[in-house]
1. Could you pull out the residue among ALA107, ALA80, ALA67 that is at pLDDT 95 or above and either among the small types (Gly, Ala, Ser) or under 19 Å from the mean Cα position of the chain (by Cα) (or both)?
2. Which one is farthest from GLU85 (Cα to Cα) among residues in region 45-61 that are of a type outside the set (S, T, N, Q) and in contact with a Leu (Cβ under 7 Å, 6 or more places away or on another chain)?
3. Can ARG72 be described as more than 12 Å from the chain's Cα centre (by Cα) and in a helix (DSSP H, G or I)?
4. Kindly indicate whether SER30 is in contact with a helix residue (DSSP H, G or I) (Cβ under 7 Å, 6 or more places away or on another chain) and either modelled with pLDDT under 95 or open to solvent by 30 Å² or more (accessible area, probe 1.4 Å) (or both).
5. Give the residues of region 75-112 that are surrounded by fewer than 17 Cβ atoms within 10 Å (Cβ to Cβ) and in a strand (DSSP E or B), sorted by residue number.
6. Restricting attention to region 39-58, does a residue exist that is part of a helix (DSSP H, G or I), closer than 22 Å to SER122 by Cα, in contact with an Asp or Glu (Cβ under 6 Å, 6 or more places away or on another chain) and at pLDDT 95 or above?
Amino acid sequence: MPKKRKIVSINGFQPVLLEQERLNLLIIGSGEKALHQLQTLRKPGLLKSVTLVGLQPNNRVRQFAAAYSNFRLLEKEFDAIDLEEKNLVIAASEDGFLNEKVSQEAALKKIMVHSVTGPQQSDFLVMKGSFSQYDAGLNNGSLYTGDGSEKKWKRIATYLVIAFALMVTGH
């Protein structure tokens, strides 16, 4: 049984630069979430290989795949064998249970995974902004988990700041 990943805060993640030319990336999913993850890649043509596994990819995913010679589109269900020779995995299916399965299978093979279902299933986050935004603590939604939690956490943080201010002022 794979070990459970601990729940971490966004602040628990560190920015890391990866040499793209050595990466064999696997993306699971074929809908809008997968497309969004593909679009966050700065220069997908520089990756050693990108393999997308998913049933019935939409036209926008197909167009993206056709634009890069290093891109393989496999129209099939995910199988653990798809993880062979991969360095990083992004579980970007519309199906949260499939994302969890991918995350668990990747953990068994000691492959780092990002799941759009949430950080509790992820070893890394996909970053949309620049490192200077991250370092400055501005984030502005620059860290993307794909599950809509950014807005929720901003709202919670706002309420906590207001509650703290009221408590300090004695209200």
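The values are calculated or read from the model by the stated rules, or taken from the named source; none is laboratory data. Predicted model only: the values in this text are computed from it and were never measured. Reconstructed Cβ throughout: ideal geometry from the backbone, glycine too, with neighbour counts over all protein chains shown. Surface accessibility is based on the protein's heavy atoms, side chains included, excluding ligands, DNA and RNA. Shrake-Rupley method; radii C 1.70, N 1.55, O 1.52, S 1.80 Å.
1. Working: ALA107 fails: at pLDDT 95 or above; ALA67 fails: at pLDDT 95 or above.
It is ALA80.
2. At the first step, the residues of region 45-61 found to be of a type outside the set (S, T, N, Q) are 45-48, 50, 52-55, 57, 60-61.
Imposing the further condition that a residue be in contact with a Leu (Cβ under 7 Å, 6 or more places away or on another chain) reduces the set to 47-48, 50, 52-53, 57, 60-61.
Details: LEU47: 14, LYS48: 11, VAL50: 12, LEU52: 14, VAL53: 14, PRO57: 23, ARG60: 26, VAL61: 23 Å.
Selected residue: ARG60.
3. On the way: more than 12 Å from the chain's Cα centre (by Cα): yes; in a helix (DSSP H, G or I): no.
No, not satisfied.
4. Working: in contact with a helix residue (DSSP H, G or I) (Cβ under 7 Å, 6 or more places away or on another chain): yes; either modelled with pLDDT under 95 or open to solvent by 30 Å² or more (accessible area, probe 1.4 Å) (or both): yes.
It is true that SER30 is in contact with a helix residue (DSSP H, G or I) (Cβ under 7 Å, 6 or more places away or on another chain) and either modelled with pLDDT under 95 or open to solvent by 30 Å² or more (accessible area, probe 1.4 Å) (or both).
5. Result: MET112, single match.
6. Filtering region 39-58 for residues part of a helix (DSSP H, G or I) gives 39-40, 44-46.
This time we only want the ones that are closer than 22 Å to SER122 by Cα, so: 39-40, 44.
Add one more test, that the residue is in contact with an Asp or Glu (Cβ under 6 Å, 6 or more places away or on another chain), and what stays is none.
Looking through region 39-58, none of the residues is part of a helix (DSSP H, G or I), closer than 22 Å to SER122 by Cα, in contact with an Asp or Glu (Cβ under 6 Å, 6 or more places away or on another chain) and at pLDDT 95 or above.
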